[in-house]
Amino acid sequence: MKEKNNLIQRNNIVRASIMGANDGIISIAGIVIGVSGATSHIGTILLAGFAGTLAGTVSMAMGEYVSVSSQRDAQEKIVQEQKIALANDYQKEFDFVYEKYSSVGISKELAHTATDEMMKKDALATTVRERHGFTIGQELSAKGAAIASMISFPTGALLPMLAISLIPKSWSAMATFFAVLIALGFTGYAAAYLNGADKNMQLLEIS
């Protein structure tokens, strides 16, 4: 259980990190390329990029915190409602789990035995899992997701700002565009590697 919970938390951090990095790369690239079209003054371009990075970092971190917190609050509410449902009509909840197991091709005898054992062991956890699809005690960390976004967004934003400032003006916009594509491919590959998914498919999806 502890290992599974750690895996869920890690995937939550990876998701927030990849989203933050991708948003930082794309949004700040758009800002610096747009501003570079109006002025060639590198200080002005970088100032706009820095302002966008600051705003984006705060927005992503707060957005992740609120999103994950809301999901956790909703799950806690479901757990409380399920406690009431079990207290009011235990047999109805038992029958729901039994019917669900029976519907996937398990024999009625085996489905009844499995339901009986699981409900006796932990009726609340069983009904929450089967009715609502999550496991009690495996709530995601809102702080972890917020911190991951707070770090990854400016990290991603750094690439387009470096590209636009270090490459000659005549090539800067095009070079920044290709740098963004390469960076997005890298984040897609990193996400696939960390989650054990198909790396080639992730590269195609990100691109």
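Seen from every direction in turn and averaged, the convex hull around the alpha carbons of the chain projects onto 14.4 nm². Exposure proxy shown here: for ILE13, ILE84, the number of other Cβ atoms within 10 Å sets the order, fewest to most, as ILE84, ILE13. Scanning the chain for DSSP H helices at least 18 Å long along the axis (C-alpha atoms) with a Kyte-Doolittle mean no lower than 1.0 picks out 142-166, 169-195. Going from the fewest other Cβ atoms within 10 Å to the most, the residues SER67, SER40, SER17, SER141 appear in the order SER40, SER67, SER141, SER17.
From most to least packed by mean Cβ count within 10 Å, the peptides 127-134, 23-30 give 23-30, 127-134.
Every number in this text was worked out from the coordinates using simple rules, so none of it is lab data. The structure displayed is predicted, hence computed values, not measured ones. Note that we place each Cβ from the backbone using ideal geometry, even for glycine, and neighbour counts take in every protein chain shown.
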